[in-house]
Amino acid sequence: MTERPEDVDPDRPLIERAQKELPYGTAAYDELVRRYSATVFGRAYGILRSSADAEEAAQDVFMAVFRNLARFRFERPFAHWLSTVTMNACRMILRRRASDQRRRNAFEREQALEPPAAVPSNGTMRQLVIELLDALDPTTRMAMLMRYVEGYTNREIGEQLDLSESAVKMRVSRGSSKLRELYEVRTSAGAGDGEGNDGDT
């Protein structure tokens, strides 16, 4: 039985219409947005844990789709490509968050009268994890977010990131070890600063 293009990618007929219409016609594009807006927002929120940031990421995703859809060549399903675009948008927001937090932390350290706590409070733990994730290479970071935040299997992650299942397992394992190492360094450094300041009083 001959395999039809729409059997490989069910979005293909709609995408081909959108490619013909854009940039002046948007009916098919608007339908793509309606079809995937909830999925994109839900995935972004699962990573960013902020409605405002998830909305910003979704807007960035669909702007990227608008700009790049004409070059889409169906080498992989549209949903997989959209997943990559969504993860990249979230990564940019996480990177910006981490940069902003580093600046805030630097300012707070300059103003603080008390030494930093050795172990972060629950309110800052999530931000600490985001900062530590930022130290990993992008592919490992994405794999870990998909595995532990979104719950994808190693096989599903490999399909979307163009990695073998064993490569995903290795990246996730090494990434977890690296995060533990970074966390121990960060918290022990905080404890050491506190001990040193106590000795001066």
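The values are calculated or read from the model by the stated rules, or taken from the named source; none is laboratory data. A quick note: this is a predicted structure, and the numbers were derived from the prediction, not measured. No Cβ is skipped: glycine too gets one built from the backbone with ideal geometry, and neighbour counts run over all protein chains shown.
Looking only at region 38-71, residues that are hydrophobic (A, V, I, L, M, F, W, C) and in contact (Cβ under 8 Å) with a residue 60 or more places away in the chain come to 1 in all.
Where helices (runs of 4 or more DSSP H) fall wholly inside region 1-96, the ranges with 3 or more residues that are surrounded by 13 or more Cβ atoms within 10 Å (Cβ to Cβ) are 12-21, 27-48, 51-68. Is it the case that some residue within region 119-130 is hydroxyl-bearing (Ser, Thr, Tyr), modelled with pLDDT under 65 and surrounded by fewer than 12 Cβ atoms within 10 Å (Cβ to Cβ)? Yes: one or more hits.
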